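Visitor: This is the structure I want to talk about, given as structure tokens.
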Amino acid sequence: MNQPNEITMHLDHSLSARGASIPPETSDPVFTLDNVSVLYGDYSAIRNVTLPIGRNEITAFIGPSGCGKSTLLRSFNRMNDLIPGAHLTGTVAYHGTDIYGPNVDPIEVRRKVGMVFQKPNVFPKSIYENVAYGPKVNGAKGNLDDLVEECLSRAALWNEVKDDLKKSAYALSGGQQQRLVIARCIAVKPEVILMDEPCASLDPLATAKIEDLMVELASDYTIIIVTHNMQQAARVSDRTAFFTAELDDNGIRHGRLVEFGRTRELFSSPTDPRTEDYISGRFG
Amino acid sequence: MWLLFVSLAIGVFTLVVLLTYVTIKGWPRLDIRLFTNMPSVRDPENAGAQSAITGTLWVISFTALVALPTGVMAALYLEEFARPNSRSQRFIEVNIQNLAAVPSIVYGILGLAVFARALALGQSVITAALTLALLVLPVIIISTREALRAVPRNIRDGSLALGATEWQTAYRQTLPAAIPGIATGTILALSRAIGEAAPLLLLGAVSFITFNPDGVLSDYTTLPIQIFNWTKDSREEFQVLAAATIVVLLLILLAMNFVAIWIRNKTQKRW
């Protein structure tokens, strides 16, 4: 009976720890989205998004299903490129460079912008090899033991797995697997980490651990998280973007950015009635 | 309900009768001489099938050596790199399905024309191996593609999101994850090739041969050919010898299928 309370207290603490120091304007954006739309063939999943992503901040994307927030997230590391027929209009500027520009290699983008997926997708290899894989494909040579330990420690997993590094990653629990995916992600030393509903398949305790870890990682990394869980967005994020699905004149559904701002303000005094309806649970 | 059961019973019953019959009939000769002695026309009492056993091993090894890498690479290309659902892709797909259904004797004719005659490889181990490789290639391609397709999309995504190239993702993640499926499919395909007699008859596998192959250009015989040859002979001793050899061939095939099933069960439910 104690567990839920413990978690809540834990998270309240982390919220208050982060809430204080956030400037109202994003002064030093890592990413700047300008009028971005993502299309699958002729169908636009999300339209006309303009949005800055602040350095070392946690930005949450919230909104009902089908509002295009995951699609938008996947445009930050060009993962949408892998879907036949997908293309993007507008500019996604990373430190001022359009990552969809003609001379940009998507491989390079993905090294700088890591990703954690909804379902923990550990590789069918050992725990050690999961973490070492990223550096290896990026040309790392020699002994990676120190790096593996550092990344697993950073992902708050080292103490649980240090004696089992050769064991299959499938032997880990869902929460541990997700932390392993985070360790694997930071092993290639990205600047940004994208998280696509990272806790969707986890129990509350495992979720609390991941949330703690996110707050902890935000000191070194810029994090963008897509979540269906508004409490989670409120707990961990510095800024929140609220998206919704709208019908256009032709009756076609597409995603729209409704409101973007500091998480505290967006949740306490939303300016758009749609945001208010959503966060008060009247819609979605 | 009953009809279904009877249908099943007919199949199983036939197999059991066949196995029992050849085992009983071949029993007197199911001994070490079968493996240590060479075939003989004059001395059926002491004749063995050693040259056929080694010939089979030679031929099937080279078949695997040619068909496995070719088939896996073709499947890898089709599954991971080719543009899906393009016209050329669909055309190739239909063709591979059709090739898998082509009777083996047709491959024999092809092998005779191309490998034996045009490439002047003659009646050799390598001619047989190349022909059988063509025969099993479609099956290997199809089963490898299925194995690759069974690897979840999110494994590929995870690799690509770390900055791996598509090629690195294919050979470091997707291919290793698909190996159990590939192994199963390949073993089943090769066990089909082991049992083949028709194309090899055309290719001039020598049915009476008293030495083991000593190279890829050597003459050879294989178990099905040896069995075929002995069953043609009217002398009772050779009939017994043929039955014994059939048992050996069936045991090899059953063992291969068993290994395939074992690999499949061992690696089930990984995702």
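Visitor: Tell me the residue from A:A140, A:A155, A:A132 that is under 24 Å from A:D196 (Cα atoms) and within 14 Å of chain B (Cβ to nearest Cβ), please.
Guide: Details: A:A140 fails: under 24 Å from A:D196 (Cα atoms); A:A155 fails: within 14 Å of chain B (Cβ to nearest Cβ).
Selected residue: A:A132, the only one of A:A140, A:A155, A:A132 that is under 24 Å from A:D196 (Cα atoms) and within 14 Å of chain B (Cβ to nearest Cβ).
Visitor: Sticking with this structure for a sec: Would you point out the residue of region A:143-152, among those that are closer than 19 Å to A:M214 by Cβ and away from chain B (no Cβ under 14 Å), that is surrounded by the most Cβ atoms within 10 Å (Cβ to Cβ)?
Guide: We begin by selecting, within region A:143-152, every residue closer than 19 Å to A:M214 by Cβ; these are A:150-152.
Still in the running and away from chain B (no Cβ under 14 Å): A:150, A:152.
Numbers: A:E150: 16, A:L152: 27.
Top of the filtered list is A:L152.
Visitor: What is the one condition in (1) more than 10 Å from chain B (Cβ to nearest Cβ); (2) crowded, with 19+ Cβ neighbours inside 10 Å that A:N121 does not satisfy?
Guide: (1)
Visitor: Looking at (1) crowded, with 19+ Cβ neighbours inside 10 Å; (2) more than 14 Å from chain B (Cβ to nearest Cβ); (3) aliphatic (A, V, I, L, M); (4) not in a helix (DSSP H, G or I), which is the one condition that is false for A:L165?
Guide: Status for A:L165: all satisfied but (1).
Visitor: Moving on to the next point. Name the residues in region B:257-271 that are surrounded by fewer than 17 Cβ atoms within 10 Å (Cβ to Cβ) and assigned to a helix (DSSP H, G or I), would you? Show your work before the answer.
Guide: Keep residues of region B:257-271 that are surrounded by fewer than 17 Cβ atoms within 10 Å (Cβ to Cβ), which gives B:257-259, B:261-262, B:264-271.
Passing the criteria: B:N257, B:F258, B:V259, B:I261, B:W262, B:R264, B:N265, B:K266.
Visitor: Please determine, by comparing only the residues of region A:82-110 that are part of a loop (DSSP other than H, G, I, E, B) and within 14 Å of chain B (Cβ to nearest Cβ), which one is modelled with the lowest pLDDT.
Guide: So the first thing to find is which residues in region A:82-110 are part of a loop (DSSP other than H, G, I, E, B), and the list is A:83-85, A:95-96, A:99-105.
Still in the running and within 14 Å of chain B (Cβ to nearest Cβ): A:83-85, A:99, A:104-105.
Working: A:I83: 86, A:P84: 83, A:G85: 86, A:I99: 94, A:V104: 92, A:D105: 93.
Selected residue: A:P84.
Visitor: Return the total of residues in region A:142-189 being within 22 Å of A:S201 (Cα to Cα), without any contact (Cβ under 8 Å) to a residue 40 or more places away in the chain and of a type in the set (S, T, N, Q).
Guide: The number of residues fulfilling the criteria is 2.
Visitor: Restricting to helices (runs of 4 or more DSSP H) lying wholly in region A:179-284: which have 1 or more residues that are under 18 Å from A:R154 (Cβ atoms) and within 14 Å of another protein chain (Cβ to nearest Cβ)?
Guide: Passing ranges: none, list empty.
The rows are residues; the columns are (1) assigned to a helix (DSSP H, G or I); (2) among the aromatic types (F, W, Y); (3) more than 23 Å from B:T222 (Cα to Cα).
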position: B:R156; (1), (2), (3): yes, no, yes
position: B:L160; (1), (2), (3): yes, no, yes
position: B:T169; (1), (2), (3): yes, no, yes
position: B:Q173; (1), (2), (3): yes, no, yes
position: B:I179; (1), (2), (3): yes, no, yes
position: B:G185; (1), (2), (3): yes, no, no
position: B:L188; (1), (2), (3): yes, no, no
position: B:E196; (1), (2), (3): no, no, no
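Visitor: Any residue at all in region B:238-251 that is exposed (fewer than 15 other Cβ atoms within 10 Å of the Cβ), at pLDDT 85 or above and aliphatic (A, V, I, L, M)? Please lay out each step first, then the result.
Guide: So the first thing to find is which residues in region B:238-251 are exposed (fewer than 15 other Cβ atoms within 10 Å of the Cβ), and the list is B:251.
After this cut, where a residue has to be at pLDDT 85 or above as well, the list is B:251.
This time we only want the ones that are aliphatic (A, V, I, L, M), so: B:251.
Looking through region B:238-251, at least one residue is exposed (fewer than 15 other Cβ atoms within 10 Å of the Cβ), at pLDDT 85 or above and aliphatic (A, V, I, L, M).
Visitor: Find the residue count for region B:156-188, including only residues that are away from chain A (no Cβ under 13 Å) and touching a Gly at 6+ places or on another chain (Cβ under 8 Å). Give the steps one after another, and end with the answer.
Guide: The first filter runs over region B:156-188 and keeps only residues away from chain A (no Cβ under 13 Å), leaving B:182-188.
Still in the list and also touching a Gly at 6+ places or on another chain (Cβ under 8 Å): B:186.
Residues flagged as away from chain A (no Cβ under 13 Å) and touching a Gly at 6+ places or on another chain (Cβ under 8 Å) within region B:156-188 amount to 1.
Visitor: Taking the criterion of being surrounded by 15 or more Cβ atoms within 10 Å (Cβ to Cβ), over 19 Å from the mean Cα position of the chain (by Cα) and away from chain B (no Cβ under 13 Å), would at least one residue in region A:63-81 satisfy it?
Guide: Residues of region A:63-81 surrounded by 15 or more Cβ atoms within 10 Å (Cβ to Cβ): A:63-64, A:66-81.
Narrowing further to those that are over 19 Å from the mean Cα position of the chain (by Cα): none.
So far as region A:63-81 goes, no, none of its residues is surrounded by 15 or more Cβ atoms within 10 Å (Cβ to Cβ), over 19 Å from the mean Cα position of the chain (by Cα) and away from chain B (no Cβ under 13 Å).
Visitor: Can you tell me which residue within region B:134-154, out of those that are closer than 22 Å to A:L73 by Cβ and part of a helix (DSSP H, G or I), is farthest from the other protein chains (Cβ to nearest Cβ)? Steps first, please.
Guide: Step one: list which residues in region B:134-154 are closer than 22 Å to A:L73 by Cβ, which gives B:152-154.
If we keep only those that are part of a helix (DSSP H, G or I) too, we end up with B:153-154.
Working: B:R153: 9, B:N154: 4 Å.
Among those that are closer than 22 Å to A:L73 by Cβ and part of a helix (DSSP H, G or I), it is B:R153.
The values are calculated or read from the model by the stated rules, or taken from the named source; none is laboratory data. What you see is a predicted model, and the numbers here were worked out from it, not measured in a lab. Reconstructed Cβ throughout: ideal geometry from the backbone, glycine too, with neighbour counts over all protein chains shown.
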